[in-house]
1. Out of the residues in the range 717-743 that are aliphatic (A, V, I, L, M) and surrounded by 12 or more Cβ atoms within 10 Å (Cβ to Cβ), which is farthest from residue 638 (Cα to Cα)?
2. Name the residues in the range 189-222 that are within 18 Å of residue 175 (Cβ to Cβ), charged (D, E, K, R) and in contact (Cβ under 8 Å) with a residue 40 or more places away in the chain, would you?
3. Do we have any residue at all in the range 426-447 that's in contact with a Cys (Cβ under 7 Å, 6 or more places away or on another chain), assigned to a strand (DSSP E or B) and in contact (Cβ under 8 Å) with a residue 60 or more places away in the chain?
4. Can you tell me which residue in the range 13-37 is surrounded by the fewest Cβ atoms within 10 Å (Cβ to Cβ), limited to those that are in a loop (DSSP other than H, G, I, E, B) and at pLDDT below 85?
5. From 344, 381, which residue is farther than 11 Å from residue 169 by Cα and touching a strand residue (DSSP E or B) at 6+ places or on another chain (Cβ under 7 Å)?
6. Given the residues 440, 428, which is the only one that is buried (at least 24 other Cβ atoms within 10 Å of the Cβ) and under 14 Å from residue 584 (Cβ atoms)?
7. Tell me yes or no: at least one residue of the range 490-510 is assigned to a loop (DSSP other than H, G, I, E, B), more than 23 Å from the chain's Cα centre (by Cα) and closer than 14 Å to residue 450 by Cα.
8. State whether the residues of the range 313-328 include one that is touching a Leu at 6+ places or on another chain (Cβ under 6 Å) and within 22 Å of residue 227 (Cα to Cα).
Amino acid sequence: MKPLSYYSANPMPHPVLGDDGTQRYRVPAQHLISLQLAAGSTLTLHDPEGQQEAQVMAFDAQGKPAINSLGAEANSDIGYLRQWMDANNHSSCKGISVLGADSVAASKHSFTVANDCLCLIAAPGEDMSPEQLMPPTDLIVGVSGAAVIVEDELPAALGVVDREIRINNSTAEGYLVKAGEYIQIIDVAGRQCSDFVALDASRLAEGVEKPICAVTTRTLMAAAFPGPGLYDKFYSDDQVNILNVVQDTVARHDTFNLACSAKYYDDTGYLGHVNCTDNLNQALAPMGVAPRRGWPAINFFFNTGYDDYDQHSSCQPWSRPGDYVLLQAQVDLVCGSTACPDDTSPANGWNPTDIHVRIYAADSDFNKGNAFRKNAVADSTMTKKTAFHDRFATMTQHFVDYNGYWLANHFSNYGAIAEYWACREKVVLMDLSPLRKCEVLGPDAENLLNYAVTRNIRKLAVGQVIYTAMCYHNGCMVDDGTVFRLGQNNFRWVGGCDGAIEWLRKVAAEKNFNVVIKDSNDQLHNLPVQGPLSGETLKKIIFSPDCQTTIEDLRPFRITHGRIGGPQGAPVTISRTGYTGERGYEVWCHPKDGHEVWDAVWEAGQEFGITPLGLEALDNLRIESALIFADYEFNDQTDPFEAGIGFTVPLKTKEEDFIGRDALIERKANPQRQLVGLVLEGEEIAGNGECVRVGRQQVGTITSAVRSPILNQNIALCSMSIDHIAEGTQVEVGKLDGHIKRIPATVVGISHYDPTKSRVRA
């Protein structure tokens, strides 16, 4: 029985195995998966966020509808599911609809499979407009009992496979790859390392061996390991680019150490142990490659490193079953791959297993990307493109992976300095779609948010936005973000991390709040338009219905709804918010409308010299204005007072209890450190994590630093001991080892530029 070709481009057919043997699959919102199920198994549909319908159809071995194979009767025409089917006359198919509008978060529905069948499972839903509040969300599918019928334990192929090579554990294989072809190296069972060598075939034919050179690669890429993106290249020692990294689902490998060799095992007492170097020598000999006593390989999936004291460390790999690295040959290559035999250390999780190699043709089309997981147990997704990516991509190749999306770092023909000045003086547009959004709905929505965040949500009017901290019970921060009030019981959270949304769900469950929390990340992307002329730009293109506030009248931290160009244009929500320290707006839209929104803003801004803004310039802007950033100014060991946003904790005016209140009262009364600004002497910029000292005593740590164009000074934000926060205090920033080179600095107010925020309110 072959799988039907009804599913979307992201079927997620490879399961995640639970400790109890359950096979877990993710059904992305507005997509479907296909599973071949065995009689006697149990199929469980799980709605983690609530109010998400699941549509199910089953087919027998002859491809005929057989919903009774699930031990249930049809109850729906499964209209959404049939939209994905091919033309094989399934217009009259019926199936099963479960969960849906009445399901609460974590609802489940199970079937006992009566007969072997192919099962299609969909998570249907309409596109969510920015003013709406009910996005379609993912489903989780569990299969237990009798095994799922699978033809191979490998993950689904990325495309049409040209050839495959199985490398049995503790062995190696040699193979040839033509220029342009793709090489996928797969960790079949997880936590298995694979040494990889590649030699330029044309130079080898001349009698010259030119393999990948890790030292040259690290030097030219300025990184321990190249990854998908702009800095994706492996070089030979004559600085020829011979291989590129296209996709990587692990991002933890080793380029420093040799492949294991006979000497390695002999020196540790394991005489005669099989090793990767000898295996590679044997595999590559028929291709004219001379043997070596130790191969300087690229060690995929190895979890090794060096600490601050230059001591080598090694631990189990991060790779999971089906994880892989996808490479593209830039020249004809002679390659060798191993399945490392080391069972004497954690290198292979103490259990050597197989490696699998797939070769794809040069005309295959694979997007660059890293794997992104919302949390440690979540399924991975590859780096995505935002709704505006294709427009920004015409202006730059300098994209970086941020929160699972590609964002521009800076733009060709502009540069970070020009982008910065355009924001300070004119108008810019940028992409911040990777911000994490969720809809908080229901009778207890206000109760939940008022308890979960530090600001008083009960004072928030419909159409208002408030910036707030979210804390753990010990007063330290989960995240910072904004809360939009879209209705009496309708709120939107916008923050920096998925952990905040998970925390909201945990709190809601513990307090038994009647609330629905729906992830809207993939339904809502945002295009910040910032700068003194941002309002003039937007008022040219935003149509405001009579019941909505116009752009001219929209005040800071307020929202309005409108359309692009006229009453029939793309729907948008506009908030008077930003992250630049300048007057600004954020335009929120569904991804399908991204091009229309971007084009309209770009055209309207031509009159005012509109400029694209990348992350590099944004960092400059936000540091000058003391706008904090996660893992720099705060983490889960930092409270809001320490992070410089004590104003978000109204202990005197918010009388109701909220998470962390008692701890924050204690912390405010007994502060240990505080965020301050520093002005450095000279022309050298400080670095994140560098020490700040008075004499030999460390009194602070640099959190962020930059050269301020408008102030013509080197400035920094610093987490400072409470004894040294007075403005005018003289300190020194420690460079090198923190002692032998010092940069004098002076403590100033936290906000170096426009401390009263007058420009934001202009």
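1. Applying the first criterion (aliphatic (A, V, I, L, M)) to the range 717-743 yields 717, 720, 722, 725-726, 731, 733, 736, 740, 743.
Next, from what is left, pick out any that are surrounded by 12 or more Cβ atoms within 10 Å (Cβ to Cβ): 717, 720, 722, 725, 731, 733, 743.
Values: 717: 15, 720: 12, 722: 14, 725: 17, 731: 22, 733: 22, 743: 26 Å.
Looking at residues that are aliphatic (A, V, I, L, M) and surrounded by 12 or more Cβ atoms within 10 Å (Cβ to Cβ), I get 743.
2. 195, 200, 209
3. First pass over the range 426-447, keeping only residues in contact with a Cys (Cβ under 7 Å, 6 or more places away or on another chain): 436.
Those still in the list that are assigned to a strand (DSSP E or B) too: 436.
With the extra rule that they be in contact (Cβ under 8 Å) with a residue 60 or more places away in the chain, the set shrinks to 436.
Yes, some residue in the range 426-447 is in contact with a Cys (Cβ under 7 Å, 6 or more places away or on another chain), assigned to a strand (DSSP E or B) and in contact (Cβ under 8 Å) with a residue 60 or more places away in the chain.
4. Taking the range 13-37 first, the residues in a loop (DSSP other than H, G, I, E, B) are 13-15, 18-22, 28-31.
Then keep just the ones that are at pLDDT below 85; that gives 13-15, 18-22.
Details: 13: 17, 14: 17, 15: 22, 18: 12, 19: 5, 20: 7, 21: 10, 22: 16.
Only one residue fits best here, namely 19.
5. Numbers: 344 fails: touching a strand residue (DSSP E or B) at 6+ places or on another chain (Cβ under 7 Å).
Residue meeting the stated conditions: 381.
6. Details: 440 fails: under 14 Å from residue 584 (Cβ atoms).
Exactly one of 440, 428 is buried (at least 24 other Cβ atoms within 10 Å of the Cβ) and under 14 Å from residue 584 (Cβ atoms), namely 428.
7. Taking the range 490-510 and keeping what is assigned to a loop (DSSP other than H, G, I, E, B), we get 496-497.
Imposing the further condition that a residue be more than 23 Å from the chain's Cα centre (by Cα) reduces the set to none.
The answer is no, given that none of the residues of the range 490-510 is assigned to a loop (DSSP other than H, G, I, E, B), more than 23 Å from the chain's Cα centre (by Cα) and closer than 14 Å to residue 450 by Cα.
8. Yes; the residues of the range 313-328 include at least one that is touching a Leu at 6+ places or on another chain (Cβ under 6 Å) and within 22 Å of residue 227 (Cα to Cα).
The values are calculated or read from the model by the stated rules, or taken from the named source; none is laboratory data. What you see is a predicted model; the values in this text were computed from it and never measured. Counting neighbours? That spans all protein chains shown, and the Cβs are built from the backbone with ideal geometry, glycine included.
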